[in-house]
Structure formats: structure tokens, C-alpha cells
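So the structure is just underneath, and the comments pick up after that.
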Amino acid sequence: MKHVVVIGAGPAGLKAASTLGRRGVRVTVLERESALGGLAGSFDLQGVRIERYYHFICKGDDDLVETVEQLGLSERLHWRSSRMAYFVDGRLYPFLTPWELLRFRPLSLADRVRAGIAVQRARRMREEDLARRRAMEWLRDLFGETACRIIWEPLMRFKFAEYAPEISAAWIWARMIRLSRSRKSPWREDLGYLDGGSRTVFEALQRDIEKHGGCVRLGTPVEAALIEGERVTGVRAGGETLAADAVISTVTPVVLLRAAPDLRGEYFERLRRIPTIGIFCLFLRLRRSVTPYFWVNASDARVPFAGMIEYTNLNPMHALAGDRVLYVPQYLSASDPRFSQDDEEVLRSYTDALALIHPAFDRDWIRHWAVFRDRFAQPICLTDYRETTPAIESPVPNLFLTDSCQLHPHDRTISGSLSLGRRAAELAAARIERPVER
Ligand SMILES: Cc1cc2nc3c(=O)[nH]c(=O)nc-3n(C[C@H](O)[C@H](O)[C@H](O)COP(=O)(O)OP(=O)(O)OC[C@H]3O[C@@H](n4cnc5c(N)ncnc54)[C@H](O)[C@@H]3O)c2cc1C
């Protein structure tokens, strides 16, 4: 029986392993951490498992919805109407429906009308016409200077920090398209969540892998990918060597290249050059709600973050007995000094800002807090992504790799990673059944 090693038990790795298992291939998944899920993993909060970062589902997340159905979990997937708002210079404005957009005072009436028309125009554009344009310039042309400064610039800086001016217009266009698929009408946006969070799918995928004879080994970091005679032959993990007919890496490329430092050539050089940004996120379990909105964007010089997500306004999380969950994320390069600022300092400055958004906010509302960090959270979509994105099948025979950059211009999502994992598994299965003659 053929054996494939999958590195990483995030959505891509688990889906790759489950797809191979169903095709009769023996799989071993090796995961560095003690929990499943990668960036979508969860932690134990006073007996309740909660995701370290917020995760919502959109109507176009086909691979996720399909996986949920395949695993018999459809009853655990729920859709709810969600609301968003902008906090601009001390005031909170609802910002979803055409009516709310028309009443958005920070923009002149002419700019509001222009913004409505711009969104419709953007939806009719094509990726190939936008790929090489810079997002900030494109947004300025389409929405005008003021809308760009109040709406788009804070969003782009939040997501990409110093890389914001270099991002491809196709990335922001693709994000508009993803969210627009969740719109039933101009008046309503439906977002999804799973009972038990994303972990529900990951645990079911693990059971599926085990049912088909595979195994998932947590707390087992891969130290080296073994290449012999220019072909991958297995990995070394925890001092043990595991032979494999193929290896699928789902870890961020930097980590793979550390495990196989001798990999050379154009393909691996391109991998080395793809920039990635980190994340830190303040997690709060609160006694009271800060706003009725799922998502609040902030454009106010006194607020040190660009957005906050009150997750319980989407998923009520009954296990928390009425408590609220609020995430306040910030994307930053790991080399930025703010990335490693003291947790207490993050809590202090962020909660000072919460008191601007809800004047009655008091630190007594906090039942639990934590700051989570990941150095590699988001690959950067530059204007040359169509030429530089590496294929899933590497030039080293039987070595496959997935990374969220392969979804560009689309943002990275759980659904996207499930699709990459599935595609990597299909390629690996085809290759070990029909080896390449070299
Ligand atoms: C703040 C934030 C918010 C997000 N919100 C959403 C959202 O609302 N909706 C959505 O769909 N997506 C969202 N995402 C994106 C989603 O979490 C990711 O797209 C997805 O988790 C990526 O999955 P992956 O399997 O490709 O990679 P990862 O999740 O990065 O998994 C890689 C795995 O490899 C493991 N690993 C690393 N090194 C080694 C090693 N040496 N040996 C073995 N294992 C190793 C890691 O521990 C990890 O488990 C969000 C992400 C963040 C950070």
C-alpha cells in the first residue's frame, strides 16, 4: 500500500489526508502543535473550546459547504443575517444596506452616490484587467479621494500594514465578490458559522482519516524533508524517519524551506520571495455587548486598531451563558516592534479605545482576555501574482505543497485551503499511481 506523509493538520492538511484515505492510500499527518486546525485552531476557555481567531463562512465557500455535507454535518451549519458598521471620528454608523450607505455622513452625498455606483461597476470587472494594477490607485479612481481615505485606506493598512500600497487591485476586487455572494439582496448579508466552530469539521476530518486507516500525530514537528537522488523519500520528525511515496507540505513555505534548505531552482526561489504578514489579536470574553454589529471598522485617529469583530453577534455560543466574544485583530510584520508589544499594553490601549466606541464600557466587563500571535498569517498578493505563484506540484518528484498564496487573488479562507488540500491529494494520488520517468 502506498504511503503519503502530510505535513500540517490545518484545513489543507486534513482535507488532503482525508481525500487520499478515501482513495485507498495510507496517510500519516504530522502536526507540530497539540491541537488540530492551524490558524483556525481553538483553545480551551474555562471548559469551552473557542477559536483563537474569528471565522465566518460566506455563501460562495463551496469546498467548505461540500466537506460539511460529505461529513454529515449539514445540520450544524447555520446562516444568519449579519450587520456591520463604521466608527468614524467618534460616531458609529451602520454600513450595509443602500439606505445606510446613503445616510453615511462622513462622506458627502455625491461621494455616497459615487460609492454605490462604484461597487456595482467593480462587480462587472475582470480579474485579468485588475491583476497588475495597485489596489489603492484603483480604489482612488473608482471611489474618489475622500472615500478612499475614510473607508479603504484604513482597511488596506489593517490587512497589509506597510505592504498596503503594493497590493494588487484584483485582491480587493475578489474580496468584494466573495462578500457580495453572501448578499441575498442589497438589504441583507448572510454569513455562516458551525456549531462548535471550525473544530467541528476538523475533528470529523480526523475521524474520517482514521476510519480509512490513516493517522494524525499531534505534537510532532517535521524537522526535515528527505530528498534522495533528487526525489522526496520521506521526512524526519521527532528523531524518527518516516519513508513515504509522496510528501504533501501544507505549512508556510518558509517552514518547508527550513526543513529542506538544499532545495534550489526558480520554483523555490519564488517561494522564498513571497512576503507574508503576521497577526496579533486581542481576545475578550465580556459580560456585556459592545455593539450590535458583527463587524465594526474604525477610522478614528484615537483608535489603535482598524476593526473589531463581536463574534457572538453571529454565533450566539450558548455555552457562554450570555457572555460576549470580541476579537480585535491587527495584521503586522513580525519585525514591526508593535508585533511583540507587551500583552498588558495591548489590553490597555485597545480597551481605552473600546470606551470611545461604547462610552459605558468598563474593564469590569472583561471575564477573560488573551493576546494571540502568529508570525505567518497572510501571504501578500502583489501585482505580479499571476506570474510568481508556485504550482502545487513542485519540481522535486512526489513533493507537493499548498500555501494560501495559491488562492490569489482570493483571500485565504478555510474553504480555499480545503480546496488546495483536495487538489494536492488528487495530484499526489495520480503521481504515485503513475510515476514520472526521469
Ligand atoms: C485573524 C484571522 C482571521 C481569519 N478569518 C477567517 C474567516 O473568517 N473565514 C475563513 O474562511 N478563513 C479565515 N481565516 C483564514 C484561515 O484560518 C486560514 O486560511 C486557514 O486556517 C489556512 O489553513 P492551512 O491548512 O492552509 O494552513 P494553517 O492553518 O497555517 O495550517 C498549517 C499547519 O501546519 C502546522 N505546522 C507548521 N510547522 C510545522 C512543522 N514543522 N511540522 C508539522 N506541522 C507544522 C501548523 O501548526 C498548522 O497547524 C482567518 C485567519 C486569521 C489569521
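Output yes when any residue across the range 107-120 is surrounded by 15 or more Cβ atoms within 10 Å (Cβ to Cβ), under 23 Å from ASP384 (Cα atoms) and either in contact with a strand residue (DSSP E or B) (Cβ under 6 Å, 6 or more places away or on another chain) or of a type outside the set (Ser, Thr, Tyr) (or both), and no when none is. Step through it out loud before you land on a result.
The first filter runs over the range 107-120 and keeps only residues surrounded by 15 or more Cβ atoms within 10 Å (Cβ to Cβ), leaving 107, 111-112, 114-115, 118-119.
If we keep only those that are under 23 Å from ASP384 (Cα atoms) as well, we get none.
The answer is no; no qualifying residue exists.
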Notebook entry, point to check: Which condition number does ALA16 fail, the rest of (1) outside the structural domain of VAL255 (by TED's automatic domain parsing); (2) closer than 26 Å to LEU401 by Cβ being met?
Noted result: (1)
Next item on the list: Check the range 156-166 and report whether any residue there is within 16 Å of the ligand (Cβ to nearest atom), surrounded by fewer than 18 Cβ atoms within 10 Å (Cβ to Cβ) and closer than 27 Å to ASP61 by Cα.
Entry: yes
Notebook entry, point to check: So how many residues does the range 200-219 have that are within 30 Å of ARG83 (Cα to Cα), out of contact with any Gly (no Cβ under 8 Å at 6 or more places or on another chain) and buried (at least 19 other Cβ atoms within 10 Å of the Cβ)?
Noted result: 1
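So which helices (runs of 4 or more DSSP H) are wholly in the range 84-155 and hold at least 3 residues that are among the polar types (S, T, N, Q), at pLDDT below 95 and within 17 Å of ARG183 (Cβ to Cβ)?
Qualifying helices (runs of 4 or more DSSP H): none found.
Per-residue answers, yes or no, for (1) at pLDDT below 95; (2) in a strand (DSSP E or B); (3) within 13 Å of the ligand (Cβ to nearest atom):
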{"position": "VAL5", "(1), (2), (3)": "no, yes, yes"}
{"position": "LEU14", "(1), (2), (3)": "no, no, yes"}
{"position": "ALA17", "(1), (2), (3)": "no, no, yes"}
{"position": "GLY21", "(1), (2), (3)": "no, no, no"}
{"position": "THR28", "(1), (2), (3)": "no, yes, yes"}
{"position": "GLU33", "(1), (2), (3)": "no, no, yes"}
Item checked: Given (1) in contact (Cβ under 8 Å) with a residue 24 or more places away in the chain; (2) in the same structural domain as HIS318 (by TED's automatic domain parsing), number of the condition GLU75 does not satisfy -> (1)
Next item on the list: Residues being within 15 Å of the ligand (Cβ to nearest atom), outside any strand (DSSP E or B) and aromatic (Phe, Trp, Tyr): count how many of those fall in the range 167-204.
Entry: 2
Checklist line | Residue match in the range 319-328 (condition: among the aromatic types (Phe, Trp, Tyr), touching a Cys at 6+ places or on another chain (Cβ under 9 Å) and at pLDDT 95 or above) | finding: yes
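Rundown of residues vs (1) outside the structural domain of PHE95 (by TED's automatic domain parsing); (2) surrounded by 17 or more Cβ atoms within 10 Å (Cβ to Cβ); (3) touching a helix residue (DSSP H, G or I) at 6+ places or on another chain (Cβ under 7 Å), yes/no style:
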| site | (1), (2), (3) |
| --- | --- |
| ARG270 | yes, no, yes |
| LEU314 | no, yes, no |
| HIS318 | no, no, no |
| VAL328 | no, yes, yes |
Note to self: List pairs: first residue in the range 321-343 and under 26 Å from GLU162 (Cβ atoms) and within 16 Å of the ligand (Cβ to nearest atom), second residue among the charged types (D, E, K, R) and part of a strand (DSSP E or B) anywhere in the structure, Cβ distance under 6 angstrom, at least six positions apart or on different chains.
What the structure shows: ALA334/ARG375
Check: When both residues are 6+ apart or on different chains and their Cβ atoms are under 7 Å apart, which pairs have a first residue that lies in the range 109-136 and is without any contact (Cβ under 8 Å) to a residue 12 or more places away in the chain, and a second that is surrounded by fewer than 18 Cβ atoms within 10 Å (Cβ to Cβ) and not hydroxyl-bearing (Ser, Thr, Tyr)?
Finding: ARG112/LEU102
Checklist line | Boolean, ALA391 is away from the ligand (no atom under 12 Å from the Cβ), surrounded by fewer than 19 Cβ atoms within 10 Å (Cβ to Cβ), modelled with pLDDT of 95 or more and of a type in the set (A, V, I, L, M) | finding: yes
Check: Among the residues of the range 192-199, is there at least one that is at pLDDT 95 or above, surrounded by 14 or more Cβ atoms within 10 Å (Cβ to Cβ), out of contact with any helix residue (DSSP H, G or I) (no Cβ under 6 Å at 6 or more places or on another chain) and among the hydrophobic types (A, V, I, L, M, F, W, C)?
Finding: no
Next item on the list: State which residue is nearest to the ligand (Cβ to nearest atom) when the search covers only the range 292-318 and only residues that are modelled with pLDDT of 95 or more and among the β-branched types (Val, Ile, Thr).
Entry: ILE309
Next item on the list: Those residues that are part of a helix (DSSP H, G or I) and surrounded by 14 or more Cβ atoms within 10 Å (Cβ to Cβ), I need them from the range 364-379; list them, please.
Entry: TRP365
Margin query: Quick test for you: out of ARG348, ARG288, ARG264, ARG338, pick the one residue that is outside the structural domain of ALA225 (by TED's automatic domain parsing) and part of a loop (DSSP other than H, G, I, E, B).
Written below: ARG288
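The values are calculated or read from the model by the stated rules, or taken from the named source; none is laboratory data. Being a predicted model, the structure only gives us computed values, none of them experimental. We place every Cβ from the backbone using ideal geometry, glycine too, and count neighbours over all the protein chains shown.
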